[in-house]
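Reviewing the structure listed below.
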Amino acid sequence: MSPSSERLVESLAHNLQPVRPLPPLRRMALLVLALGGVAAGAGVAYLGANPHLVEAARRYPAFLAIWVGLLVVAVGGVVAALAGAVPGREPEARAAFGVTALGAAIAVGLGGILAFSGPEAGVPAAPAAASGLCASMAALLALPAAAVVLGFVLRGAPGRPLASLAAAATGAMALGSFANHMHCVQFDAAHLLMGHALAPLAGVVLLAMPAWFVLRRLADPPAPE
Amino acid sequence: MSWIGEEQDSRYRGWMAAAQRGDADAYQRLLTELLPLLRAFARARLREASDVEDVVQNVLVAIHRARHTYRAERRFAPWLGAVARNAVIDELRRRGRRLSREVSLEAAAEAVAPTPESPAPLSPEMQRALEQLPAAQREAVELIQIRGLSVAEAAQRVGIKPGALKVRAHRGYRALRLLLEETEEP
């Protein structure tokens with residue numbers, strides 16, 4: 001029946017091929033965040049920066065809370081995804097998941113409370129389509145970073161693949177939403193929450209779920225009948 | 001894998017780095033030295049001693065597949081521990097899924113099950129294939145499929161837990177299928 005473990009060792013050694021080790025996590029994290037920065041720069045160059053950005057951050061506390069929260073989610077999510085894909089780096093992944101949760105609490109929790117109780121609550125409502133447009137723009141700006149993080153997770157050996165992919169998608173989408181925040185001129189509460197703070201959740205559906213199916217196919221191909 | 005000492009870790013680190021460059025000798029030395037550690041690791045996590053070798057082999061394959069995720073500037077033990085732990089968890093999950101599938105198959109088979117008094121007749125090919133199985137697997141298959149005992153009854157008769165008997169029987173079915181396929185080939 002199954003060969004002995006000693007024979008398996010011989011066979012694995014006999015068929016050994018050289019491999020290229022995964023790049024260091026720190027370098028990958030910096031690369032992803034830099035890609036987010038480049039995408040943000042490209043977005044601003046193409047769409048133009050919000051001329052009232054500094055004033056908006058000062059005047060609308062929810063706008064600022066969501067912006068900061070998205071940045072924290074982006075850093076936490078990207079690091080959680082990268083660390084989660086490398087065996088032995090689980091402690092860093094767990095800490096980064098904590099940072100992601102903190103960012104989500106700032107962006108959605110604090111941002112939501114401030115949005116509906118602060119001056120944003122009095123701003124005329126943006127059309128519903130504006131939230132979809134901002135989430136789509138965030139996804140577009142997130143694509144380069146998402147491709148790199150998801151590629152790293154798929155190439156790695158995550159202990160919890162779905163969690164790593166969800167973190168990758170959330171982090172990348174938060175980067176995109178952070179960039180989108182810089183040129184959006186809609187400040188009403190519902191729009192800030194739906195189109196900006198909650199946009200990373202869309203990343204889980206749009207990016208993480210398809211990647212999850214790819215990973216499952218790679219890891220567990222269907223048995224021949 | 002906290003029982004891997006600093007000196008041992010540094011040796012494994014060197015071998016793994018060499019293996020990543022394609023050095024088969026270093027890789028074989030590494031895996032051979034890891035075998036007793038992996039057996040102890042699996043033994044500490046499994047109820048059935050008979051499953052240890054299977055799990056060790058799964059861990060070896062997991063190490064092989066994940067070898068590119070190791071970076072030589074870091075300690076080897078945490079990497080190995082995580083790969084081994086993940087492989088054991090995956091294996092236990094797979095077994096859980098398989099056992100739940102088998103439970104539904106057994107329910108369907110019960111309607112036409114033979115009885116201990118009138119065992120199911122066997123074709124000569126099946127008889128020959130059955131004889132080639134390891135004793136433990138043959139016994140499990142015979143008790144369930146030929147004598148018609150329930151898993152619980154068969155497990156009681158053998159003196160092992162029902163889950164372990166199901167695993168033996170499942171391996172027996174798989175081996176039987178392969179043996180029968182071989183005999184069908186021209």
Of residues in segment B:69-79 being assigned to a helix (DSSP H, G or I) and in contact with a helix residue (DSSP H, G or I) (Cβ under 7 Å, 6 or more places away or on another chain), the one nearest to B:Ala18 (Cα to Cα): B:Phe76
Only one of A:Leu35, A:Leu71, A:Leu30, A:Leu53 that is away from every other protein chain (no Cβ under 14 Å) and surrounded by fewer than 16 Cβ atoms within 10 Å (Cβ to Cβ): A:Leu30
Out of A:Pro124, A:Pro87, A:Pro144, I need the residue that is in contact (Cβ under 8 Å) with a residue 40 or more places away in the chain, of a type outside the set (Phe, Trp, Tyr) and in contact with a Phe, Trp or Tyr (Cβ under 8 Å, 6 or more places away or on another chain). Which one? A:Pro87
Considering segment B:58-68 alone, what residues qualify as being at the interface with chain A (Cβ under 8 Å from one of its Cβ atoms) and either of a type in the set (S, T, N, Q) or assigned to a helix (DSSP H, G or I) (or both)? B:Leu60, B:Val61, B:Ala62, B:His64, B:Arg65, B:Arg67, B:His68
Taking segment A:158-193 on its own, how many of its residues are in a helix (DSSP H, G or I) and surrounded by fewer than 20 Cβ atoms within 10 Å (Cβ to Cβ)? 3
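Conditions tested, residue by residue: (1) surrounded by 15 or more Cβ atoms within 10 Å (Cβ to Cβ); (2) part of a helix (DSSP H, G or I).
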| site | (1), (2) |
| --- | --- |
| A:Ala104 | yes, yes |
| A:Leu110 | yes, yes |
| A:Leu114 | yes, yes |
| A:Ala126 | yes, no |
| A:Gly151 | no, yes |
Single match in A:Arg155, A:Arg217 (criterion: surrounded by fewer than 24 Cβ atoms within 10 Å (Cβ to Cβ) and within 14 Å of another protein chain (Cβ to nearest Cβ)): A:Arg155
Does B:Arg74 satisfy the criteria of being over 27 Å from A:Ala85 (Cβ atoms) and either surrounded by 14 or more Cβ atoms within 10 Å (Cβ to Cβ) or at the interface with chain A (Cβ under 10 Å from one of its Cβ atoms) (or both)? no
Tally, over segment B:1-49, of residues that are surrounded by fewer than 17 Cβ atoms within 10 Å (Cβ to Cβ), within 12 Å of another protein chain (Cβ to nearest Cβ) and under 14 Å from the mean Cα position of the chain (by Cα): 1
Residue by residue through segment B:41-57, note down the ones that are assigned to a helix (DSSP H, G or I) and either more than 19 Å from A:Arg7 (Cα to Cα) or assigned by TED's automatic domain parsing to the domain that holds B:Ala136 (or both). B:Phe41, B:Arg43, B:Ala49
Please pick out the residue among A:Gly98, A:Gly76, A:Gly88 that is within 26 Å of B:Tyr70 (Cβ to Cβ) and outside any helix (DSSP H, G or I). A:Gly88
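The values are calculated or read from the model by the stated rules, or taken from the named source; none is laboratory data. In this text, all values refer to a predicted model and were calculated from it rather than measured experimentally. Note: ideal-geometry Cβ built from the backbone for every residue, glycine included; neighbour counts use all protein chains shown.
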